[in-house]
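I have placed the structure first, in the form of structure tokens, so that the comments after it can refer back to it.
The values are calculated or read from the model by the stated rules, or taken from the named source; none is laboratory data. Values in this document were obtained by computation on a predicted structure and should not be read as measured data. Here Cβ is always computed from backbone atoms with ideal geometry, including for glycine, and neighbour counts include all displayed protein chains.
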Amino acid sequence: MKAMETIQDLIEEAKVRMVWWCLCIFCVTYILSHTSSSMWMNLPISILFVSGLRILCNEVEFSWKVRQSVRRPSYLSHLEKKQLSLNDSRLSSTPPPPKWKRKIDSPVVEAAISDFIDQILKDFVVDLWYSEITPDREAPELMRSVIMDALGEISGRAKEINLIDLLTRDIVDLIGDHLDLFRRNQAAIGADVMATLSTEERDERLKHHLIASKELHPALISPESEYKVLQQLVGGVLAIVLRPREAQCPLVWTIAREIVTCLVMQPLINLASPA
């Protein structure tokens, strides 16, 4: 008897659901009839729409969003946001390290470079001529700051160089190009002729052949050309390593370029390749 009641309840539930389904499908079909007059098109679409809506209601849980009352921030909360934490660097009594130290990031190298630059400024600036003009030390300190920032920039860029590619590809290609250039000019002159010439005569003969073929580096044409090439190279380097305010000052940029060109680069080149 109880089983019969359960079956009867299922039948009643099925009837109710069927009525609701038919009612929903009829409503959707009626709404779609305003857009399309084809019943055979509207009825399947209505069935699919109602079925999809039923599946969506079973799978997705909908809930009302609880609105929270927006409290107007008080002045004390504004001050709490502005309050610095105990670990803030601005509360530290020790000043942050200079920019060049952060780029070098090696205490041993920093100390060595600092001592070296201090000694150079002392011997060639302060003791040589600056102390005879004024006892003030502001200008040497500014010079030191500019030099250290430039060295820090060079150090930072040097760290970005891929040493493996530099040693195994770039330098090898450069040496190979020079050897190929030498062999081509030696073949043009003649290996037998080159063997009979002295070192100076061989250099002069190679120089004339390179000039004729327009393959000689501009710095090797004359001392004036060497100076111009070094000047351009140093100017390009200074434009990168100097701070923007110094690089944009023509006087500072020109003086720095000539000092590095004439007092640093040319003596080094003459030391490496004496005349």
Open item on the list: Scan region 213-225 and tell me whether some residue there is farther than 24 Å from LEU268 by Cα and β-branched (Val, Ile, Thr).
Closed with: no
TODO: Residue by residue through region 1-27, note down the ones that are aliphatic (A, V, I, L, M), at pLDDT below 70 and assigned to a helix (DSSP H, G or I).
DONE: ALA3, MET4
- [ ] Starting from residues that are more than 32 Å from the chain's Cα centre (by Cα), of a type outside the set (A, V, I, L, M, F, W, C) and exposed (fewer than 13 other Cβ atoms within 10 Å of the Cβ), keep the ones in region 219-275 and report whichever is farthest from HIS208 (Cα to Cα).
- [x] PRO267
- [ ] Kindly list the number of the only condition in (1) assigned to a helix (DSSP H, G or I); (2) surrounded by fewer than 16 Cβ atoms within 10 Å (Cβ to Cβ) that fails for TYR130.
- [x] (2)
Open item on the list: Quick check on region 100-119. Is at least one of its residues within 16 Å of GLU246 (Cα to Cα) and in a helix (DSSP H, G or I)?
Closed with: yes
Task: When residues of region 150-198 are limited to those that are over 22 Å from SER213 (Cα atoms) and of a type in the set (S, T, N, Q), the one surrounded by the most Cβ atoms within 10 Å (Cβ to Cβ) - done: SER155
TODO: For residues that are over 14 Å from ALA158 (Cα atoms) and among the hydrophobic types (A, V, I, L, M, F, W, C), tally how many sit in region 95-108.
DONE: 1
- [ ] Would you mind listing the helices (runs of 4 or more DSSP H) fully within region 146-257 where at least 2 residues are without any contact (Cβ under 8 Å) to a residue 40 or more places away in the chain and farther than 30 Å from LYS99 by Cβ?
- [x] 171-189, 191-196, 199-212, 223-241
Open item on the list: Here's a check for you: in region 263-275, which residue that is without any contact (Cβ under 8 Å) to a residue 24 or more places away in the chain and assigned to a helix (DSSP H, G or I) is farthest from LEU121 (Cα to Cα)?
Closed with: ALA272
